[in-house]
Amino acid sequence: MWAIVAIVAAFAGFWLARQLHRPEPQLASGTWLPQPREIGDFSVLDQAGRSFTRRELQGHPTLVFFGFTHCPDVCPTTLATLAQIDRTARIEGMRVLLVTVDPTRDTPAVLEKYVHAFDPHFWGATGSQAAIEKLAKEFSVAVNRVELPNGDYTMDHSAAVFLLDDRARIAGIFTPPFDVDAFAADLRAAAPRLKS
């Protein structure tokens, strides 16, 4: 009897040690954070005009990108690349979220049309200027409005893509240029570590 108890205890100890000391994925195109970084609570709107909070990011891995619909090149290129990466990686439950840095022009309706042009499953988030600034700060994303000579404006912003685990914590960061195959391989390598 004691032998059986000892064997069960040894197996449980071995399993627990493996769970606590899973090796970090080796990423070719991104940086894996040794300790996932919590993001604070926030309240914005999704592309359908519904409330969107940290809770909506829980339960599945998410790729988060900050950009805007009037962006001439970086944002559409990044979203088209993320659509390819998502199809190539095939990570169950993976979501892609565009958080606008231009909430004045990017209403929910504008965002919905924009993100769904890249993939019908992509999400968009907008809200008040203060709410978007707070969310950008949570991700350490730099944003700057640049006035143009014709009275219009554009937005300068960080171009990183953030990988969130299923507890809505930043687990990895990817910076351009993005290679579809390498990024997709990294997501597959990281997938087991994105689940609680």
* To do: Kindly indicate whether any position in the stretch 47-58 is surrounded by fewer than 15 Cβ atoms within 10 Å (Cβ to Cβ) and touching a helix residue (DSSP H, G or I) at 6+ places or on another chain (Cβ under 7 Å).
  => yes
* Residue tally, condition within 17 Å of F65 (Cα to Cα) and either of a type in the set (G, A, S) or touching a Gly at 6+ places or on another chain (Cβ under 8 Å) (or both), over the stretch 139-160 -> 6
* To do: Answer yes if at least one residue in the stretch 99-107 is on the phi < 0 side of the Ramachandran plot, surrounded by fewer than 22 Cβ atoms within 10 Å (Cβ to Cβ) and within 15 Å of the chain's Cα centre (by Cα), and no otherwise.
  => no
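The rows are residues; the columns are (1) touching a Leu at 6+ places or on another chain (Cβ under 8 Å); (2) in a loop (DSSP other than H, G, I, E, B); (3) at pLDDT 95 or above.
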site: A10; (1), (2), (3): no, no, no
site: G13; (1), (2), (3): no, no, no
site: Q19; (1), (2), (3): no, no, no
site: P25; (1), (2), (3): no, yes, no
site: P36; (1), (2), (3): no, no, yes
site: V44; (1), (2), (3): yes, no, yes
site: L63; (1), (2), (3): yes, no, yes
site: T69; (1), (2), (3): yes, yes, yes
site: L79; (1), (2), (3): yes, no, yes
* To do: Among the residues of the stretch 141-184, write down those that are surrounded by 13 or more Cβ atoms within 10 Å (Cβ to Cβ) and over 27 Å from R54 (Cα atoms).
  => Y153, T154, D179, V180, D181, A182
* Check on K113, in contact (Cβ under 8 Å) with a residue 12 or more places away in the chain, surrounded by fewer than 18 Cβ atoms within 10 Å (Cβ to Cβ) and of a type in the set (D, E, K, R) -> no
* To do: Scan the stretch 27-46 residue by residue and report those that are of a type outside the set (S, T, N, Q), under 23 Å from R87 (Cβ atoms) and crowded, with 19+ Cβ neighbours inside 10 Å.
  => L27, G30, D46
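The values are calculated or read from the model by the stated rules, or taken from the named source; none is laboratory data. Model, not experiment: these values are computed from the prediction. Because the Cβ atoms are built from the backbone with ideal geometry, glycine has one as well, and the counts that use them run over all protein chains shown.
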